[in-house]
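The values are calculated or read from the model by the stated rules, or taken from the named source; none is laboratory data. Keep in mind that this is a model prediction, so the values were computed, not measured. Here the Cβ positions follow ideal geometry from the backbone for every residue, glycine too, while neighbour counts run over all protein chains shown. Ligands, DNA and RNA are stripped out before the accessible areas are found, and what is left, the full protein with its side chains, is counted by its heavy atoms. Shrake-Rupley method; radii C 1.70, N 1.55, O 1.52, S 1.80 Å.
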2 protein chains.
Amino acid sequence: MPKREAAKPPSPADDAVMNDMTPCNNLALRQAARHVSQIYDRHMAEAGLRGSQYSILSKLSRLGALPIGRLAEAMVMDRTALGRALGPLERDKLIKVGEGPDGRTRSVSLTALGQTRLAEAAVLWRKAQDEFEARFGVVEAESLRATLKRVVNTV
Amino acid sequence: MPKREAAKPPSPADDAVMNDMTPCNNLALRQAARHVSQIYDRHMAEAGLRGSQYSILSKLSRLGALPIGRLAEAMVMDRTALGRALGPLERDKLIKVGEGPDGRTRSVSLTALGQTRLAEAAVLWRKAQDEFEARFGVVEAESLRATLKRVVNTV
DNA sequence: CATGGATACGTGCATATGCATGTATTGGCA
DNA sequence: TGCCAATACATGCATATGCACGTATCCATG
């Protein structure tokens, strides 16, 4: 039963900081997300977008106009969280949030400016994607995405 | 070349919302992280903690007192981000942020109350962990964590 | 047509996260 | 010893995220 001694020479406490294999799935996911997000954010910054904002514009482009709730679902995001995330995008005229067919529903859609910006950002996204996959591996990345999709769909 | 027609009967736009296999690693990671975080947060709420806070206390417990920068490293988190995240924990007396040996360094450590709370929360963490792994698979989860660790270490 | 439950949102609160910048200390060197 | 680069933080800003609630609509019924 080691693990309990207190007086250990002040030496390699360094390893401890990196070596532990966290058993927590939540922590593992958040760390990876934080880490990778920085890569995408760094590239996307050149277009004045966060990686997360690019994701929203991108998703919106692929799905076309749809109510907030639906978009939130597609983004695997809380409805209210998405609602606020739309703020900056609407302020910058990249998206339009108008009345939906239903009196309660609101319709979110890309503006022309939004489409343009998305196209510009797509180039930067590709760079970020390449940077990540160059180091992590293209095949491994595809496998990772499939696994993560299962995480979202299964649980 | 399908994919381009505009007038499709207003039918299964439903699929579109769920079916697309996003090629973006960043989005995939964030979605999974959001999704899983909710599970852990929900359980941890009973102890008045966020899943992320539990992670910090846990990490702190395993590493012992150490400067903010080091803890941030271990958490794979921006130093300033962690600095602020410590606020609520310090306010609730779960951790203590005191002077470090170095005039500039600050030392973060668990308080007795923090250790107690951590122990209580550990039970809830186990429930969350079980809930996730019951559906996703224990083996698969372990594999996922290993992969995510590689994401953090590699890139 | 009035009404209760279901829908689709918006708000108040509180945390979580990072970047750019500014500040205080340390340490090494001319 | 005096000065500068490196180190370790703190702050101002701006997003990102969710929960608990409260509100406006819609809809199916009696």
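Working carefully through the options A:K149, A:K93, A:K127, A:K59, find the one that is open to solvent by 50 Å² or more (accessible area, probe 1.4 Å) and under 14 Å from the mean Cα position of the chain (by Cα).
A:K149
Listed residues B:D41, B:D14; which is at pLDDT below 95, more than 7 Å from chain A (Cβ to nearest Cβ) and part of a helix (DSSP H, G or I)? Give the derivation first.
Numbers: B:D41 fails: at pLDDT below 95.
Exactly one residue qualifies, and that residue is B:D14.
Which is in contact (Cβ under 8 Å) with a residue 24 or more places away in the chain and open to solvent by 60 Å² or more (accessible area, probe 1.4 Å), of B:E140, B:E120?
After applying the criteria, what remains is B:E120.
Go through (1) at pLDDT below 95; (2) within 30 Å of B:W125 (Cβ to Cβ); (3) facing another protein chain (nearest Cβ under 10 Å) for A:Q31 and report which single condition fails.
Of (1) at pLDDT below 95; (2) within 30 Å of B:W125 (Cβ to Cβ); (3) facing another protein chain (nearest Cβ under 10 Å), only one is false for A:Q31: (1).
Tell me whether segment A:122-145 contains one or more residues that are in a helix (DSSP H, G or I), more than 28 Å from B:T147 (Cα to Cα) and within 12 Å of chain B (Cβ to nearest Cβ).
No - not one qualifying residue is present in segment A:122-145.
In this structure, is A:A7 surrounded by fewer than 16 Cβ atoms within 10 Å (Cβ to Cβ), among the hydrophobic types (A, V, I, L, M, F, W, C) and modelled with pLDDT of 95 or more? Talk me through it step by step, then tell me what you get.
Numbers: surrounded by fewer than 16 Cβ atoms within 10 Å (Cβ to Cβ): yes; among the hydrophobic types (A, V, I, L, M, F, W, C): yes; modelled with pLDDT of 95 or more: no.
In short, no.
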